[in-house]
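Structure record follows, encoded as structure tokens.
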Amino acid sequence: MEEAEDIIHIGKDFQKSMEEVENNHMEVTLNHEPKVSIIVPSYNHDKYITQCIESIVGQSYKNWELIVIDDGSSDSSKEIIEALQKKYGFISCFKKNQGISATLNLGIVKYSKGKYITFCASDDFWTTDKLEKQVAFLEQNQFYPMCYGKNYFIDKNSNIIDYQEPIEKIFKKGDLFSEIFLFKIHLPVTYMFRADIFKEIGVYNESLAAEDYEMNLRISHKYSIGYIDEFLGYYRYDDSVIKLKRFDKISDSHLKSIESFKEHRHYTKAKAMVFLRRFDTFSGYKKLKIKALKNIYFALPLWYKRRFVFALIKLFIFWKV
């Protein structure tokens, strides 16, 4: 009987030892995996912020820190974030409204401690292996300062919108400056950066509404960009009138960003592309026809583009309210 008790005791000790070894192994593994700083800029997305944060907490890659910064939301985002913070234990910050660039910069400069930095808008969410795939890619490809992957486009109910599918075919790695500059490619917002790149080229320009375009230009002007040919996130597509009204501010930001590259051979064409995008965007709306016409003159250098022709057709045929 005593022998049996000894065996049970030894068995329990062995199981305990094995659990300690396993826990120690997990700690060592985490210590060897580079930390990722995840910054979530939150603004009036109380319907989606839980889905966003839980997609991050559920990542297969575990060595990360989560920084949620609310930019003066007027809905119930603050209360939801506070409840989620108590549950998951991430860093949270609540401040007055200053815009997306200032919010990202606060996270980068004040809070982030990771080797890598990535962002997730509060109305978007990720696939479960997003961090795992991007960390592995950047660890294996040290010459890229950043990488990106594909996004699913989703509506307000998180249903996938499949008409965006053909756009994926243009995504690629390498020297992307000209494609970004001329709006031939808009990188999906699944970016992961080496933290050191912000120390080298600076953080986001807080005077711009289109912060990602300008940052991608700065980086791609000096470096090649990495690409993972897989879906890494879900981007909520907004076709509302509010976004349409904001398009002018975004276009103005594009023009300001382009001015930093006056010496580039595509400078004039890049500016014309901004006006063509405006002409095309506004031409189909009844109340925006005058605004469309104001941009047509500056878009004339691109009269031969299919987009210019379609915009002309919309100007006379389509009369959306």
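The rows are residues; the columns are (1) among the basic types (K, R); (2) under 22 Å from V68 (Cα atoms).
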| site | (1), (2) |
| --- | --- |
| L131 | no, yes |
| A136 | no, no |
| F153 | no, no |
| P188 | no, yes |
| E200 | no, no |
| Y204 | no, yes |
| E211 | no, yes |
| K222 | yes, no |
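Among the residues making up the stretch 203-259, those that are of a type in the set (A, V, I, L, M), modelled with pLDDT of 95 or more and in a helix (DSSP H, G or I) are M215, L217, I219, L255, I258.
In the set S257, S283, only one residue is within 20 Å of E179 (Cα to Cα), out of contact with any strand residue (DSSP E or B) (no Cβ under 8 Å at 6 or more places or on another chain) and of a type in the set (G, A, S); that residue is S257. Kindly evaluate K156 against the criterion of being in a loop (DSSP other than H, G, I, E, B), modelled with pLDDT under 95 and more than 21 Å from G226 (Cβ to Cβ). Yes, satisfied. Of everything in the stretch 202-229 that's exposed (fewer than 14 other Cβ atoms within 10 Å of the Cβ) and touching a Lys or Arg at 6+ places or on another chain (Cβ under 8 Å), which residue is nearest to I108 (Cα to Cα)? Here the residue is G202.
Within the stretch 192-201, does at least one residue satisfy the condition of being among the acidic types (D, E) and in a helix (DSSP H, G or I)? Yes, there is a match, as at least one residue in the stretch 192-201 is among the acidic types (D, E) and in a helix (DSSP H, G or I). Scanning the stretch 160-183 for residues that are at pLDDT 95 or above and either farther than 15 Å from Y223 by Cα or not assigned by TED's automatic domain parsing to the domain that holds P145 (or both) returns L182, F183.
The values are calculated or read from the model by the stated rules, or taken from the named source; none is laboratory data. Remember, predicted model here, so these are calculated numbers, not experimental data. Cβ coordinates were reconstructed from backbone atoms using ideal geometry, including for glycine residues, and neighbour counts include every protein chain displayed.
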